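Let me begin by presenting the structure, written as structure tokens, before commenting on it.
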Amino acid sequence: MARLDEHRGKQLLDSVGIALPRGDRAETVTQARQLAEQLGGACVVKALAQVTGRAARGWVRLVDSADEAEQAARELLSEPEVPAVRVEEKLSIAREFFAAVLVDDRAGQPVIVFSSRGGSGIEEIAREHPEDVVRQPIDLRRDFTQPMAAELAGQVGIIGKTRDGLGELLHHLYWAWHRYDCRSLEINPIVETTDGRLIAADCHAAIDDYAVFRHPELNIRIAREIGHEPNELELIAYEVEKHDYRGTFYFIQLADPATAANFVAFHGAGGGGSMMSMDALMKEGFQPANFCDTSGNPPASKVYRAAKVLLSLPGIAGYFASGSGVASQEQWQSANGLVKAFRELGLSVPAVIRLGGNQEERAIETLNQFCAGLDAPVEAYGKDDSARFCAERLRKLVDEYQPPAEASAPQPLSPADLPADAYRFKTFSGEIAIDQSRFTAETAQAVVACCPRQILKVGAEAPARVELAISPEDARKGKCIECLACELKACELGLANIHIELPMPTKDGYAAEGEER
Amino acid sequence: MSILLPDNAQVIVQGITGREGVARTQLMKGYGTNIVGGVTPGRGGQEVEGLPVFDSVAECVAELGEVFASCLFIPAPLVKDATLEAFSAGIKLAVIVPDRVPLHDVLEIKAAAKDYGADFLGPNTLGCVNVNNWVLGMMGGRAESARKFFKPGVVGVTSRSGGITSSMAYYLGQGGVGATTIVHVGGDSVVGLPHPEIVKRFEADEATKAIVMFGEIGGSQEEQVAELIESGQVTKPLIAYIGGKGAKEGTRFSHAGAIIEGGRGTREGKIEALAKAGATIVEDFDKLAEVTKQVLAANGIALADPQ
């Protein structure tokens, strides 16, 4: 889930009318000082960082003057994990409360949790003072009205004006949870000030990754919980995924492998199988440089892009692909994507590829056939070879591997610069070029026959040529599934006259022409 | 007899004209599923695999008679409306294959399912297979390979991980343990029929003599199963493997919905609850078939149903 920092969380609360401490966000020491001056000197300086336990780290500073605020901001902003601080008014606290809207996975419905004790962690409160914590499941179709909310506060002994005020606040909190597709939205503490105001002193908001598309206003760059600010490769990977709904491609960089010797690019398929495969890898003394998952039957083109991202991880000693072992996705497509990437980039580390499941025989054959001449060895396995066995094989290959004194030139399946007059058509995420001059009647027929969707045909007149049997528009819209079978077939026939150009995005997206994917 | 889908029940596909819809309709039919038609708004009157396509589920039902289940192969943002449409047309089981369905949409579907007395599998599910009879969703690939992968037998299989569902069934089959029905409950944190619901159905299913469950870190599905065993609502032997040894707290590995929040839903906690209730925990995935056979033997259960 996409977690928002305190400042952004508070903006959500503000938009539904929940009162906040006066204050704002500052990225520089100067801005922080100005804010402190506006607040009259005494204020709170809080680090805006995606970590838990800020108070324990000393990342929430109570200060009495603008000078002290400046000093606090200087110290906090020097921490690499702190891109900004929030400077806000000091509250004079009479009482503190806790409130959160969460999803109860057991009941499959939202639940509001409220406590007359705020400040510390809710688990602690619930353990030590269970009588002061109430939970109320909410019927999505009925709303959570102000009187219902006030009633909830009343259940833990809150009366009078505070009860009414909390009723309004909790009602708004639920509305914010609903409006912004939150997984969870928490205020701890809600402060009742000595002059009787109810103020959200902190905020934890987590937005549902799958609903981020409905909320451009939140400016969430990468709708995934990766535990750190996304780096360049992660942003590139996310751009690939964002523009291609076919199957899933998930990528997180787990560590910076620049200096270590045991890092391996990890290419999984499916959550459970991937975790198990990573365990196997670690048992062999490797560290996964990343987590990657291509599943949900992605086309070869998507697996190709994933492999290209993985091969650009610095300092890897090997490439390990392994999922559950018995996948229903078309594994030969994954093999096609891997082969194209390995050959275009010139694989320089040993790879063990376990593509068990649907049509694995074809996947294994493809890998064996097309990776034979690469600098580094590639071994391919199927469902009857366990992840553990495959990790052992990788260990052996990595230990024994002697890279050539000079790396060979990459051996792409086809040259990227086919003649200008080649036959070309666009696909969902790329372009296919066919140099017609090299076909014979037999080879043209063989290429047409290898297309699983039968979208190609042999031209009616001599000389032999291969062309679309459907409209270019249909091919672009997805009738060409980008399985790469034709490019591999042309390579196998010794023609190398079909090139599929699949551009990679930068961290800011694809070049303008490829926008619509 | 099987769980989830009554004998001879009619099944449709929503999104039948799409890339996955066409492919999966063919595969499901090939395996024996009684698919009678499909729906894609705006494509009414067309045919896919010789099956009629309708503009709405209501029209489909009006034409073909009662339909029990619908498999959805449509983009995630459209899932909520399509599922509610299916329920209002009388569908009793929606198999929601798409990944990335917004959580709040799932919660609304959950509330609606209660109102309609309907169920849904998923979202983010590969579906389910009743060995040699039918498949709903996208498990198993081609019929010929699915028949090779999944062997008939007496064990009910339920899993939270898609890939692992097929793997478990396959490795069990290789080890001589066949299955009745194999269910992927879906990878998300909130799903229509979580482990405890599936386990209850296996308990009620005569053909199923024991249950094999693949659990994961996060959520409380496995703990709920432990409660069912403790309270005597589930009496059949249950063998469980809980994945996620390597997962760091707070890190989410892909769509697995596997997240540990605030110490709840840990692997250790789940194993402890299940073991205490009397379930058999398998520590090494490669030993799943072996342990299952031992449990069956200890309970005097034959590997194949004599009927």
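In the condition set (1) more than 12 Å from chain B (Cβ to nearest Cβ); (2) within 22 Å of B:Gly141 (Cα to Cα); (3) basic (Lys, Arg), A:Arg246 is compliant with all but (1).
Quick check, is B:Gly122 more than 10 Å from the chain's Cα centre (by Cα) and either at the interface with chain A (Cβ under 8 Å from one of its Cβ atoms) or under 20 Å from B:Cys71 (Cβ atoms) (or both)? Answer is no for this residue.
Inspect the stretch A:167-177 for any residue being touching a residue at least 24 places away in the same chain (Cβ under 8 Å), touching an Asp or Glu at 6+ places or on another chain (Cβ under 8 Å) and surrounded by fewer than 21 Cβ atoms within 10 Å (Cβ to Cβ) and give the result as yes or no. No, the stretch A:167-177 has no match at all. Consider B:Asp7 carefully, then state whether it is out of contact with any strand residue (DSSP E or B) (no Cβ under 9 Å at 6 or more places or on another chain) and surrounded by fewer than 20 Cβ atoms within 10 Å (Cβ to Cβ). Considered against the rule, which asks whether it is out of contact with any strand residue (DSSP E or B) (no Cβ under 9 Å at 6 or more places or on another chain) and surrounded by fewer than 20 Cβ atoms within 10 Å (Cβ to Cβ), B:Asp7 comes out as yes. Scanning the stretch A:85-121 for residues that are closer than 27 Å to A:Gln38 by Cβ, surrounded by 20 or more Cβ atoms within 10 Å (Cβ to Cβ) and aliphatic (A, V, I, L, M) gives A:Val85, A:Val87. The criterion of at least 1 residues that are farther than 28 Å from B:Gly162 by Cβ and either modelled with pLDDT under 95 or of a type outside the set (D, E, K, R) (or both) is met by the following strands (runs of 3 or more DSSP E) wholly inside the stretch A:348-428: A:423-426. Scanning the stretch B:125-144 for residues that are more than 9 Å from chain A (Cβ to nearest Cβ), of a type outside the set (Gly, Ala, Ser) and touching a His at 6+ places or on another chain (Cβ under 8 Å) yields B:Thr125, B:Cys128. Applying the condition of being within 11 Å of chain A (Cβ to nearest Cβ) and closer than 20 Å to B:Lys293 by Cα to the stretch B:220-244 and asking which residue is surrounded by the fewest Cβ atoms within 10 Å (Cβ to Cβ) yields B:Ile242.
Considering only residues in the stretch A:149-158 that are of a type outside the set (Val, Ile, Thr) and more than 10 Å from A:Phe114 (Cα to Cα), the one that is nearest to the other protein chains (Cβ to nearest Cβ) turns out to be A:Glu151.
Applying the condition of being surrounded by fewer than 22 Cβ atoms within 10 Å (Cβ to Cβ) and touching a helix residue (DSSP H, G or I) at 6+ places or on another chain (Cβ under 8 Å) to the stretch A:189-199 and asking which residue is farthest from A:Lys161 (Cα to Cα) yields A:Leu198. Residue count for the stretch A:186-232 satisfying the condition of being of a type in the set (A, V, I, L, M, F, W, C) and under 11 Å from the mean Cα position of the chain (by Cα): 3. Restricted to the stretch B:260-283, and to residues that are modelled with pLDDT of 85 or more and exposed (fewer than 13 other Cβ atoms within 10 Å of the Cβ), which residue is farthest from B:Val225 (Cα to Cα)? So, considering only residues that are modelled with pLDDT of 85 or more and exposed (fewer than 13 other Cβ atoms within 10 Å of the Cβ), the one farthest from B:Val225 (Cα to Cα) is B:Glu283. Here the condition is being in contact with a Phe, Trp or Tyr (Cβ under 8 Å, 6 or more places away or on another chain), of a type outside the set (Lys, Arg) and surrounded by 15 or more Cβ atoms within 10 Å (Cβ to Cβ); of A:Ala126, A:Ala153, it holds for A:Ala153 alone. Among the conditions (1) among the hydrophobic types (A, V, I, L, M, F, W, C); (2) within 16 Å of B:Gly186 (Cβ to Cβ); (3) touching a residue at least 60 places away in the same chain (Cβ under 8 Å), B:Leu72 misses just one, which is (3).
So that you can scan it fast, the table gives a plain yes or no per residue for (1) away from every other protein chain (no Cβ under 14 Å); (2) in contact with a Pro (Cβ under 9 Å, 6 or more places away or on another chain); (3) under 21 Å from A:Leu13 (Cα atoms):
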residue	(1), (2), (3)
A:Ala69	yes, no, no
A:Val85	yes, no, yes
A:Ala100	no, no, yes
A:Asp105	no, yes, no
A:Glu123	no, no, no
A:Ala126	no, no, no
A:Glu131	yes, no, no
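Has the stretch A:322-339 got at least one residue that is part of a strand (DSSP E or B), within 9 Å of chain B (Cβ to nearest Cβ), over 21 Å from the mean Cα position of the chain (by Cα) and not β-branched (Val, Ile, Thr)? Within the stretch A:322-339 (the criterion being part of a strand (DSSP E or B), within 9 Å of chain B (Cβ to nearest Cβ), over 21 Å from the mean Cα position of the chain (by Cα) and not β-branched (Val, Ile, Thr)), the answer is yes, since at least one residue qualifies.
Picking from residues in the stretch B:278-292 that are aliphatic (A, V, I, L, M) and part of a loop (DSSP other than H, G, I, E, B), the one that is nearest to B:Gly243 (Cα to Cα) is B:Val282.
Please specify each residue of the stretch A:133-148 satisfying the condition of being free of Cβ contacts under 8 Å to residues at least 24 places away in the same chain and within 11 Å of chain B (Cβ to nearest Cβ). Listed by number, the residues that qualify are A:Arg141, A:Arg142.
Does A:Ala433 satisfy being in contact (Cβ under 8 Å) with a residue 60 or more places away in the chain, hydrophobic (A, V, I, L, M, F, W, C) and either surrounded by fewer than 17 Cβ atoms within 10 Å (Cβ to Cβ) or out of contact with any helix residue (DSSP H, G or I) (no Cβ under 7 Å at 6 or more places or on another chain) (or both)? Yes; evaluated as a whole, the condition is true for this residue. Filtering B:Ala111, B:Ala82 for residues that are over 17 Å from the mean Cα position of the chain (by Cα), more than 14 Å from chain A (Cβ to nearest Cβ) and outside any loop (DSSP other than H, G, I, E, B) leaves a single hit, B:Ala82.
Selection over the stretch A:172-215 of residues that are more than 20 Å from A:Ala49 (Cα to Cα), of a type outside the set (Val, Ile, Thr) and within 14 Å of chain B (Cβ to nearest Cβ) gives a count of 13.
A count restricted to the stretch B:6-51 and to residues that are at negative phi and either within 14 Å of chain A (Cβ to nearest Cβ) or out of contact with any Cys (no Cβ under 8 Å at 6 or more places or on another chain) (or both) stands at 32. Considering A:Gly272, A:Gly268, A:Gly227, the condition of being within 10 Å of chain B (Cβ to nearest Cβ), crowded, with 24+ Cβ neighbours inside 10 Å and at pLDDT below 90 is satisfied by A:Gly272 alone. Pairs are defined by a Cβ separation below 7 Å, a sequence spacing of at least 6 or placement on different chains, a first member in the stretch A:296-321 that is more than 19 Å from A:Gly273 (Cα to Cα) and assigned to a helix (DSSP H, G or I), and a second member that is modelled with pLDDT under 95 and of a type in the set (D, E, K, R); the pairs so defined are A:Lys302/A:Asp244; A:Lys302/A:Arg246.
When the stretch A:48-65 is filtered for residues that are part of a loop (DSSP other than H, G, I, E, B), surrounded by fewer than 17 Cβ atoms within 10 Å (Cβ to Cβ) and under 36 Å from the mean Cα position of the chain (by Cα), the ones remaining, listed by number, are A:Gln50, A:Val51, A:Thr52, A:Gly53, A:Gly58. Can you confirm whether B:Ile182 is among the hydrophobic types (A, V, I, L, M, F, W, C) and under 30 Å from A:Asp208 (Cα atoms)? So B:Ile182 passes the test.
The values are calculated or read from the model by the stated rules, or taken from the named source; none is laboratory data. In this text the structure is predicted, and so the values were computed from the model without any measurement. Note: ideal-geometry Cβ built from the backbone for every residue, glycine included; neighbour counts use all protein chains shown.
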